[in-house]
Amino acid sequence: MVRRKQIYEGKAKILFEGPEPGTIIQYFKDDATAFNNKKHDVLEGKGVLNNRISEFIMLGLERIGIPTHFIKRLNMREQLVRHVEIVPLEVVVRNVAAGQICKRLGLENGTVLPRSIIEFYYKNDDLGDPIVSEEHITAFNWANPQEIDDMMAMALRINDYLSGMFGAVGIKLIDFKVEFGRQYEGEMMRLILADEISPDCCRLHDMETGEIMDKDRFRQDLGKVTDAYREVARRLGVFRESENSGQSGPVLVSDNGE
Ligand code: UDP
């Protein structure tokens with residue numbers, strides 16, 4: 001087996017050098033962390049599900065003209081992506097109050113927000129990813145005003161797309177987090193969507209029952225985390241249950257021959 005060079009290991013993913021310059025391989029682990037790494041567990045099969053769900057969403061976003069780092073899925077746990085310089089910001093879009101915004105602004109969990117709200121957090125684990133304003137972002141050169149505008153415009157389009165996509169299968173999109181990266185091509189630079197979009201970084205509630213179908217199941221010790229992710233994937237049509245009731249994990253509908 002060819003040994004690949006590992007570039008970076010994060011909480012839920014490992015990045016390896018790609019086969020060509022400008023590409024990297026993104027490997028989805030089963031690890032789950034929350035509360036700035038204080039809570040950790042291994043959820044068998046989560047990486048496989050997130051790989052597929054994120055692929056499905058990235059392809060959908062490409063189709064509506066959002067540039068993404070996604071090139072192709074390689075196998076159950078890996079995808080080939082464009083190498084980018086990650087903007088050190090987490091961009092959160094909220095439709096309904098949940099999580100941090102409730103504590104910060106004294107809002108009741110579940111309050112429908114007057115409009116979709118975009119927030120920026122500085123990616124820094126030592127500081128616990130603090131919320132920052134555009135003033136901080138431009139003063140410290142994390143992104144320039146044009147890049148902030150581009151990220152906000154893309155984040156809102158992603159929100160519209162995801163809200164419709166999940167809404168169509170009976171899932172309410174409460175909020176989500178995305179990350180962007182700079183792709184350099186000669187003299188040119190463009191901002192593209194990077195990282196992943198999966199139930200690890202979205203809040204997703206069943207529209208009928210209100211059941212939580214995202215990483216909050218892990219954060220709140222609700223159990224059946226991967227079952228919920230599998231249900232999200234099933235509703236999106238990403239895979240069908242195996243004949244023997246899904247005990248052996250997801251069965252792919254269409255496969256790239258892995
Ligand atoms: N989120 C994330 N990574 C983070 C922080 C937040 O993916 O490091 C996602 C989270 O899953 C939720 C949204 O961003 O869908 C908003 O999270 P919030 O700011 O409320 O933080 P939390 O309450 O999750 O700590």
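Each reported figure results from applying straightforward, stated rules to the coordinates on display, with no laboratory input. This is a predicted model, so every value here is computed, not measured. Every residue, glycine among them, receives a Cβ derived from its backbone with ideal geometry; neighbour counts consider all protein chains shown.
Quick check: is even one residue across the stretch 106-124 more than 16 Å from the ligand (Cβ to nearest atom) and part of a helix (DSSP H, G or I)?
For the stretch 106-124, residues more than 16 Å from the ligand (Cβ to nearest atom) and part of a helix (DSSP H, G or I): absent.
Which pairs turn up if I take residues in the stretch 16-38 that are under 14 Å from Lys72 (Cβ atoms) and within 16 Å of the ligand (Cβ to nearest atom) and look for partners that are among the aliphatic types (A, V, I, L, M) and assigned to a strand (DSSP E or B) with beta carbon separation below 9 Å, at least 6 apart in sequence or on another chain?
Gln26/Ile14; Gln26/Leu15; Gln26/Leu80; Gln26/Val81
Out of the stretch 199-223, which residues are crowded, with 19+ Cβ neighbours inside 10 Å and within 9 Å of the ligand (Cβ to nearest atom)?
Result: Pro199, Asp200, Cys201, Cys202, Arg203, Leu204, Asp214, Lys215, Asp216.
In the stretch 13-28, which residues are buried (at least 17 other Cβ atoms within 10 Å of the Cβ) and touching a His at 6+ places or on another chain (Cβ under 6 Å)?
Across the stretch 13-28, the qualifying residue is only Ile24.
Going through the stretch 93-107 one residue at a time, which ones are surrounded by fewer than 18 Cβ atoms within 10 Å (Cβ to Cβ) and out of contact with any helix residue (DSSP H, G or I) (no Cβ under 7 Å at 6 or more places or on another chain)?
Matches in the stretch 93-107: Gly99, Gln100, Cys102, Lys103, Arg104, Leu105, Gly106.
Can you give me the number of residues within the stretch 29-54 that are over 22 Å from Asp221 (Cα atoms) and either touching a helix residue (DSSP H, G or I) at 6+ places or on another chain (Cβ under 9 Å) or surrounded by fewer than 20 Cβ atoms within 10 Å (Cβ to Cβ) (or both)?
2
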